[in-house]
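The values are calculated or read from the model by the stated rules, or taken from the named source; none is laboratory data. Because the structure is a prediction, the values reported are computed rather than measured. Cβ placement follows ideal geometry from the backbone for every residue including glycine, while neighbour counts extend to all protein chains displayed. When the accessible area is computed, the model is the full protein with side chains, heavy atoms only, and any ligands, DNA or RNA have been set aside. Shrake-Rupley method; radii C 1.70, N 1.55, O 1.52, S 1.80 Å.
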Amino acid sequence: GENVEQHPSTLSVQEGDSAVIKCTYSDSASNYFPWYKQELGKRPQLIIDIRSNVGEKKDQRIAVTLNKTAKHFSLHITETQPEDSAVYFCAASIGNGQNFVFGPGTRLSVLP
Amino acid sequence: KAGVTQTPRYLIKTRGQQVTLSCSPISGHRSVSWYQQTPGQGLQFLFEYFSETQRNKGNFPGRFSGRQFSNSRSEMNVSTLELGDSALYLCASSLAALAGADTQYFGPGTRLTVL
């Protein structure tokens, strides 16, 4: 079946440093790639997304890049803050409609 | 607009019982998807309903079923509960105005514990 790999599984950075999380997908027909942040005990919150007709998208300290040829996409967080600490999930759309495969998640810890 | 809501928030059942979970999407959203979240398996897609029809289905046994009503509210049912069904069940709604995949907004989830 379709698969999304995500690395690293855990990531610790110092406050102010950058964090990068990488995902690889298997379905070449995937055309929508959202990223979610989930804090402990809370719902996943969309933080940024990208469609296959765009190579890069930025929103303040957060950016996502997409390489369709290599079938991978990455989340970049600059100037990290303690409140960025959470689990981050990438996802890729498959088939028609709202059908997504999620990566296993990356636990990001920002150390003050 | 009010966000996605789910009821109940917590549920404790015993093996063999059945359970029904409810999800109310954001007003105007026509698509509701359901996910199972566990520490070991992560977020796994159960099914998606759009305009009262199941449009997509994940790899879960037939004990997991759902439906959507004309007001887009959705219910998920799990019959003959097993210990392994203990999980956080999340629903997500989307406008689904586009032909392809659309932004999903998650509800707070229902924490199901099977004893």
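Scanning the range B:48-73 for residues that are open to solvent by less than 40 Å² (accessible area, probe 1.4 Å), within 14 Å of another protein chain (Cβ to nearest Cβ) and closer than 26 Å to B:L115 by Cβ yields B:G58, B:F60, B:G66.
Going through (1) closer than 22 Å to A:P34 by Cβ; (2) part of a strand (DSSP E or B); (3) within 11 Å of chain A (Cβ to nearest Cβ) one by one, B:G3 falls short only on (2).
Look at the range A:37-63: where a residue is more than 15 Å from B:A101 (Cβ to Cβ) and free of Cβ contacts under 8 Å to residues at least 40 places away in the same chain and a partner is among the β-branched types (V, I, T) and in a loop (DSSP other than H, G, I, E, B), sitting 6+ places away or on another chain with Cβ atoms under 7 Å, you get A:R61/A:T78. For A:Q45, the test of being within 12 Å of the chain's Cα centre (by Cα), within 14 Å of another protein chain (Cβ to nearest Cβ), open to solvent by 40 Å² or more (accessible area, probe 1.4 Å) and closer than 24 Å to B:G107 by Cα is passed.
Among the residues of the range A:51-91, the one identified as at pLDDT below 95 and within 20 Å of B:A92 (Cβ to Cβ) is A:R51. Of the set (1) in contact (Cβ under 8 Å) with a residue 12 or more places away in the chain; (2) under 15 Å from the mean Cα position of the chain (by Cα), all apply to A:L111 but (2). Contact map, the range A:17-35: first residue within 13 Å of chain B (Cβ to nearest Cβ), second residue part of a strand (DSSP E or B) and of a type in the set (K, R), Cβ cut-off under 7 Å, separation 6 or more or different chains; pairs are A:N31/A:R51; A:Y32/A:R51. As for the range B:32-44, it holds at least one residue that is in contact with a Ser or Thr (Cβ under 9 Å, 6 or more places away or on another chain), facing another protein chain (nearest Cβ under 10 Å), surrounded by 17 or more Cβ atoms within 10 Å (Cβ to Cβ) and among the aliphatic types (A, V, I, L, M). Take the residues in the range B:6-19 that are of a type outside the set (K, R) and in a loop (DSSP other than H, G, I, E, B); name whichever of them is nearest to B:S33 (Cα to Cα). Applying the filter and picking the extreme gives B:P8. Scanning the range B:5-58 for residues that are closer than 24 Å to A:G95 by Cα and of a type in the set (A, V, I, L, M) yields a count of 4. Within the range B:3-57, the residues that satisfy the criterion of being under 17 Å from B:P108 (Cα atoms) and out of contact with any strand residue (DSSP E or B) (no Cβ under 8 Å at 6 or more places or on another chain) are B:S27, B:P39. Inside the range A:1-19, residues that are over 13 Å from A:S93 (Cβ atoms) and open to solvent by less than 60 Å² (accessible area, probe 1.4 Å) make up a count of 6.
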